[in-house]
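Trainee: Right, I'll just put the structure down here and ask away after.
The values are calculated or read from the model by the stated rules, or taken from the named source; none is laboratory data. It should be emphasised that the depicted structure is a prediction, and the values quoted were computed from it without experimental measurement. All Cβ positions, glycine included, derive from the backbone under ideal geometry; neighbour counts span all protein chains shown.
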Amino acid sequence: MQTLRASKCGLSTAQLPSSILDVIDALTKAGYEAYIVGGGVRDLILGLNPKDFDAVTNATPAQVKEVFGRRCRIIGRRFELAHVYAGRELIEVATFRAPPKKAVTSASGMILRDNNWGTIEQDFVRRDFSINAMYYQPRKGIVLDFCHAIDDIKNKTLRLLGDPTLRFEEDPVRMLRTLRFAAKLNFNIAPEILEIFTPEMTQLLRDISPHRLYDESQKLFTMGHLNRVLPMLIDFGIWRQLFADISPDISTFIERAAINTDQRIQIGKTINPAFFYAVLLWKPFLERCDFYLGKGVVPAEARAQAGLDVLKRQATRTIIPRFAETFIREVWEMQTRLLNPKPQQIQALSTHARFRAGFDFLLLREKSGDDTTQGMGLWWDAYQQMSTDEKERAISQYNRQRAKSRRKATTEDVVEAKPVTAVTEIEPLVNEPEPRSRRERKSRAKSEKPVQNVASGGSEIGYDHPILKRKRVKRDLSQVIFGPTQ
């Protein structure tokens, strides 16, 4: 172990939020050891902005709760932790772990229970990567480095503590963390990890619950380097363990969506991780829609059933929460509504709760070369920038174009239905305009040739014939009984 000065590592208390300092100070004041550990220390040394900070102490979760009272909540069964609320922020406080006295593992070697308390020397051995095993005490201004992690950070090397095979068997999710850290930090993976990181090893992920795999997939989507990690998921065989019916190739649509997601994170915009699931599952959804349409199912019902099938199939790998499933299906359904909106519904559609997500999805499809969007992505993009008067003119123009397209489609259908014969163009005998008022049409009808009754042998019946006139019969209302009858 080496003790480093925090200032030489580029660390100072000015970089830390008050929440983590309050937790460290409260535990220290109660007589316990307390350090900042994990990715927060690593990111500060690398000059990055940490998302959160974790604390570690020799106090048990029950003792941590005694210190913080109602601000603390103990969670976890396999790995017990204390969540301490400091204002609006949440600080995760873990207790020093020791090797289990009696191993409680699955048949594949995964640790099922890990609640054996120990010392800081025993705790660092239990951690996965060397770069996450640096202990920072901000008030003393020191960093404890047990495994020369500072050298790995300088060399940009991702190295597991202990035997890589054993560490992956203890927790197969470490394979996902390996790729996530390599992509996020742009680190090289150590050779001893690459040797055992095989498709056969990734089969261990089948033992992880689909709920936990969904959480890990969200971390991949929201780390800001999604476009970099996607090819790594395919190369290392992780893709097929996370996604059920998605072919292991990155289409232009998926690539554009990944780049767009990373850009939004870099400029500080919020993202919905379920949006990228909607992108990934779009192709299986379309294939399933075609399956039901081929069976004669009406389009709306085909889309609804296809969405259920695709999401149910994906749940065998990662269980998407119900609210996220609803979001995904609504984004898919918005594609149909945005492609062919009714003119009178355009204004209401632009204020729909899922309009923005559906529009972003449609525009990404269009920019990826999807011809089925018919240019509506750019139309909606321009529509949002218009004033109220410009929107009304745009809707009117869209309505005329829509009617023109329908007439053209109807004409083409009629032409296709007619037998192929010689077409003779017939000029009208009299170019008389069509009468507009009802009275003019009625007077013209009376002056025209009488109608020929074919059924009666060809005799002619004029428009003034009694049979064509409505006969009004006056009823005797004195014989009518009003009201309820027996």
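Trainee: So, in the stretch 242-285, of the ones that are free of Cβ contacts under 8 Å to residues at least 12 places away in the same chain and under 20 Å from residue 367 (Cβ atoms), which residue ends up surrounded by the most Cβ atoms within 10 Å (Cβ to Cβ)? Walk me through how you get there before you give the answer.
Mentor: To start, the set of residues in the stretch 242-285 that are free of Cβ contacts under 8 Å to residues at least 12 places away in the same chain comprises 263-264, 267-270.
Imposing the further condition that a residue be under 20 Å from residue 367 (Cβ atoms) reduces the set to 263-264, 267, 269.
On the way: 263: 12, 264: 15, 267: 6, 269: 9.
Per the stated criteria, the residue is 264.
Trainee: Mind checking which residues of the stretch 155-203 are of a type in the set (Ser, Thr, Tyr) and closer than 21 Å to residue 228 by Cβ?
Mentor: Scanning the stretch 155-203 gives 157, 178, 202.
Trainee: Given the criterion touching a His at 6+ places or on another chain (Cβ under 8 Å), touching a residue at least 12 places away in the same chain (Cβ under 8 Å) and assigned by TED's automatic domain parsing to the domain that holds residue 275, identify the matching residue among 319, 346.
Mentor: Every option except 319 fails the conditions.
Trainee: Output the number of the condition that residue 11 fails; it satisfies all remaining conditions of (1) surrounded by 15 or more Cβ atoms within 10 Å (Cβ to Cβ); (2) touching a residue at least 24 places away in the same chain (Cβ under 8 Å); (3) under 20 Å from residue 90 (Cα atoms).
Mentor: (3)
Trainee: If the requirement is being touching a strand residue (DSSP E or B) at 6+ places or on another chain (Cβ under 9 Å) and at pLDDT below 80, which of these qualifies: 81, 112?
Mentor: From the options 81, 112, the qualifying one is 112.
Trainee: Among the residues of the stretch 24-80, how many are assigned to a loop (DSSP other than H, G, I, E, B) and under 11 Å from residue 136 (Cβ atoms)?
Mentor: Adding up the residues that qualify gives 2.
Every residue, every condition in (1) out of contact with any Cys (no Cβ under 8 Å at 6 or more places or on another chain); (2) in a loop (DSSP other than H, G, I, E, B); (3) at pLDDT 95 or above, yes or no:
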{"site": "240", "(1), (2), (3)": "yes, no, no"}
{"site": "246", "(1), (2), (3)": "yes, yes, no"}
{"site": "296", "(1), (2), (3)": "yes, yes, no"}
{"site": "319", "(1), (2), (3)": "yes, yes, no"}
{"site": "327", "(1), (2), (3)": "yes, no, yes"}
{"site": "336", "(1), (2), (3)": "yes, no, no"}
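Trainee: Return yes when residue 160 is over 30 Å from residue 322 (Cβ atoms) and touching a helix residue (DSSP H, G or I) at 6+ places or on another chain (Cβ under 6 Å) and no when it is not. Walk me through it before giving the result.
Mentor: Numbers: over 30 Å from residue 322 (Cβ atoms): yes; touching a helix residue (DSSP H, G or I) at 6+ places or on another chain (Cβ under 6 Å): yes.
So residue 160 passes the test.
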